[in-house]
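Here the structure comes first, spelled out in structure tokens, and everything after it is commentary.
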Amino acid sequence: MKKLTYFIHDGKDGYEPLYEYMSSSVGIDEFYARQLCTYFVIKGSQYELVSNEMNGEDEILVLEDRGRNNSVIDEKNYRGLGIHVEFRMHLESENYKLLSTVPCQTHLDVIRYLLKDVTDIPEIGQMEVTSTEIDEDRGVYVLYVKDLQEHHME
């Protein structure tokens, strides 16, 4: 993998490049972590992943614009503070309440969380993951979760 490019689908047949990462500046583990996120937030806007593609050595993520990203009161900027994962309540009525934050040593640690349908949140327990996000503006991965509806383990 040499580069990862985000493209915005215009809703018709057009695609416009939004953002690009080169493997010389971003590790392969971060390339993979980014590809596992349902949403991408950058410059105050939110985009939803609609297609994850490869073209030779290049990784391509096709997004649809979902408009302005709604900020919540307890958002923290993690730029320069290392890699972090936030766990937030899925419900907008709960104002996407911050449940917990976990520092990670590597993006491989993040990938472990991003791959799960049910995750274990420190001091809270198991919850169901509803969507995942890389918030470029704040420098953090976000997992939106809700209470388990049924027991997944016997």
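A few points about this structure:
- The Cα-based radius of gyration of the range 3-154, divided by its Kirkwood radius, gives an Rg/Rh of 0.97.
- Percent carbon-and-sulfur accessible area, the range 47-140, ignoring ligands, DNA and RNA, probe 1.4 Å: 45
- A 1.4 Å probe run over the range 1-112, with the rest of the protein chains in place, finds 59 Å² accessible per residue.
- FRET efficiency for the S24 to N95 pair, using the beta carbon distance and R₀ = 41 Å, is estimated at 0.55.
- Among D137, D74, D117, the residue with the largest mean-square fluctuation in a Gaussian network model of the chain, with springs joining Cα atoms closer than 10 Å, is D74.
- Ranking S51, S25 by solvent-accessible area of protein heavy atoms (1.4 Å probe, all protein chains present), from largest to smallest, gives S25, S51.
- Expected 222 nm ellipticity per residue - DSSP helices of 4 or more, -39500 (n - 2.57), all of the chain, to 500: -3000 deg cm²/dmol
- With R₀ set to 35 Å, the beta-carbon distance separating R68 from K2 gives a calculated FRET efficiency near 0.60.
- Proximal lysines to K146, defined as alpha-carbon separation beneath 26 angstrom and excluding residues fewer than eight positions away on the same chain: K76, K97, K116
- With 5 Å bins from 0: P(r) over the range 58-114, alpha-carbon pairs, percent: 4, 13, 19, 18, 23, 18, 3, 1
- Comparing M127, M89, M22 in a Gaussian network model of the chain, where Cα atoms under 10 Å apart are tied by springs, the biggest mean-square fluctuation is seen for M22.
- The tail of the calculated P(r) for the range 9-95, taken as Cα-Cα distances beyond 15 Å, holds 69 percent of the pairs.
The values are calculated or read from the model by the stated rules, or taken from the named source; none is laboratory data. These numbers come from a predicted model, not from an experiment. Ideal geometry is used to build each Cβ from the backbone, glycine not excepted, and the neighbour counts take in all protein chains shown. To get the accessible areas, we keep the full protein, side chains included, count just its heavy atoms, and leave off ligands, DNA and RNA. Shrake-Rupley method; radii C 1.70, N 1.55, O 1.52, S 1.80 Å.
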